[in-house]
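To start, the structure under review is shown below, and the notes come after it.
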Amino acid sequence: MAGSAVSLPASPRSVAAARRFAGRLLAEWGLDDLADDTVLLLSELVTNAVVHGCGGVGDVELSLGRTSAHLLARVTDTGGRAPLCGQAAADSENGRGMWLVEQLADGWGHHASGAGTTVWFTLPLPGPR
């Protein structure tokens, strides 16, 4: 599996850095068609990691990889909390991130490790045109 990773500080500014990292890597791989969904979902996962996982302490690890059929994105934080698919009120500005992942990703999941919690998602690679 081809891939690349970056370590980002547990800061809200890292969300924009994650978007730039993913956009550049997808362009390099010729996967521009996946950029919008990937950047949106990574924004949600990195935000969750910074706010709920790390509590602003430590780093967030982001990795993107690809197989012949899928893009795989992983975000690892130093916390041990599993992601929640919350139910946001109609006028709420928060609480829809994991719902978006659930709706847009081909698959997603999470697991705990000695390093913290990893949340991942896959997107199918575009077929031949």
Would you mind working out the magnitude of the charge dipole of region 1-68 relative to its Cα centre, with +1 at each Lys and Arg C-beta and -1 at each Asp and Glu C-beta, to the nearest 20 Debye? 200 debye
Work through the residues other than residue 75 whose Cβ is under 12 Å from its Cβ and net out their charges, Lys, Arg +1 and Asp, Glu -1. -3
Leaving out ligands, DNA and RNA, what percent of the accessible area of region 5-54 is carbon and sulfur, probe 1.4 Å? 52 percent
About its Cα centre, what dipole magnitude does region 30-74 give when the only charges are +1 on Lys and Arg Cβ and -1 on Asp and Glu Cβ, stated in debye to the nearest 20? 180 debye
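The values are calculated or read from the model by the stated rules, or taken from the named source; none is laboratory data. Given the structure is predicted, the values throughout are model-derived calculations rather than measurements. So basically every Cβ, Gly included, is an ideal-geometry build from the backbone, and we count neighbours across all protein chains shown. Note: accessible area is taken over every heavy atom of the protein model, side chains too, but ligands, DNA and RNA are not part of it. Shrake-Rupley method; radii C 1.70, N 1.55, O 1.52, S 1.80 Å.
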